[in-house]
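K.L.:
My questions will all concern the structure given below.
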């Protein structure tokens, strides 16, 4: 079962360039009967490995732009600390809705690109 | 210069969102790399995977400290994901750019719907 989740999660991660948590978390909850907390925590450890495999795989094709990765990845690292801090203090439906709306705008932008 | 500032800012925002909702890594990295930094979709996806590694490592370490990581399962799923990654890479490389980009756009709509739908009913899950 875990092997199946790994295969699906890895495939999804490489196809979309995301970590695969969007797939791994629900699969762990549905099939492995994890609670959400353990599914979330475990999936982060999984994503770490999956992302490394993905980078190796795409680097072999010469597709990884390291400078650009650092340009968005390092500020993101700083951002997570602020985000965690905010998350523990503010719980807002408005913020989630704004984020969802923001993603829809980006999606449209990508369709038009 | 403006481009760099915008990319750095969006990276920072991706991190904030990632810390807040457990989402925002790849979901925001890929569009930033495509729209702001003008990477091709395939390069953007490859680069996004590299960009998320520091964020995910810190997140995983934090979850480990909270006792939320089941390591045996994580290792099994994580190591077998290598085979899935190999398949996904081949398919992503074979698909035309515009198809890959539109697939990603559809994924974004799915994530937006899931966020709007699940808020308040389920604990947050990482969509990175």
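The values are calculated or read from the model by the stated rules, or taken from the named source; none is laboratory data. What you see is a predicted model; the values in this text were computed from it and never measured. For neighbour counting, all protein chains shown are included, and Cβ atoms are generated from backbone atoms with ideal geometry for every residue, glycine included.
K.L.:
Could you tell me whether the range A:68-87 includes any residue that is farther than 16 Å from residue B:27 by Cβ, part of a loop (DSSP other than H, G, I, E, B) and more than 17 Å from the chain's Cα centre (by Cα)?
P.N.:
no
K.L.:
Check residue A:70 against each of (1) more than 7 Å from every other protein chain (Cβ to nearest Cβ); (2) at pLDDT below 95; (3) under 19 Å from residue B:19 (Cα atoms) and name the one condition it does not meet.
P.N.:
(2)
K.L.:
Could you tell me how many of the residues in the range A:41-60 are out of contact with any helix residue (DSSP H, G or I) (no Cβ under 6 Å at 6 or more places or on another chain) and at the interface with chain B (Cβ under 7 Å from one of its Cβ atoms)? Reasoning before the result, please.
P.N.:
Looking only at the range A:41-60, we keep the residues that are out of contact with any helix residue (DSSP H, G or I) (no Cβ under 6 Å at 6 or more places or on another chain), and these are A:52, A:56, A:59-60.
With the extra rule that they be at the interface with chain B (Cβ under 7 Å from one of its Cβ atoms), the set shrinks to A:52.
Result for the range A:41-60: 1.
K.L.:
Could you check, for the range B:28-46, whether at least one of its residues is farther than 28 Å from residue B:99 by Cβ and within 7 Å of chain A (Cβ to nearest Cβ)?
P.N.:
Here is the first cut: in the range B:28-46, the ones farther than 28 Å from residue B:99 by Cβ are none.
No, because not a single residue in the range B:28-46 is farther than 28 Å from residue B:99 by Cβ and within 7 Å of chain A (Cβ to nearest Cβ).
K.L.:
Condition first: without any contact (Cβ under 8 Å) to a residue 24 or more places away in the chain and either more than 7 Å from chain A (Cβ to nearest Cβ) or in a loop (DSSP other than H, G, I, E, B) (or both). Can you find one or more residues in the range B:52-62 that meet it? Explain how you work it out, then say what you get.
P.N.:
To start, the set of residues in the range B:52-62 that are without any contact (Cβ under 8 Å) to a residue 24 or more places away in the chain comprises B:53-54, B:57-58, B:60-62.
Remaining after also requiring either more than 7 Å from chain A (Cβ to nearest Cβ) or in a loop (DSSP other than H, G, I, E, B) (or both): B:61-62.
Within the range B:52-62, one or more residues are without any contact (Cβ under 8 Å) to a residue 24 or more places away in the chain and either more than 7 Å from chain A (Cβ to nearest Cβ) or in a loop (DSSP other than H, G, I, E, B) (or both).
K.L.:
Please enumerate the residues belonging to the range A:1-33 that are farther than 25 Å from residue B:31 by Cα, within 7 Å of chain B (Cβ to nearest Cβ) and not in a helix (DSSP H, G or I).
P.N.:
Correct list: A:32 only.
K.L.:
Does the range B:83-92 contain at least one residue that is within 7 Å of another protein chain (Cβ to nearest Cβ), more than 14 Å from the chain's Cα centre (by Cα), farther than 17 Å from residue A:63 by Cβ and in a loop (DSSP other than H, G, I, E, B)?
P.N.:
Taking every residue of the range B:83-92 in turn, none turns out to be within 7 Å of another protein chain (Cβ to nearest Cβ), more than 14 Å from the chain's Cα centre (by Cα), farther than 17 Å from residue A:63 by Cβ and in a loop (DSSP other than H, G, I, E, B).
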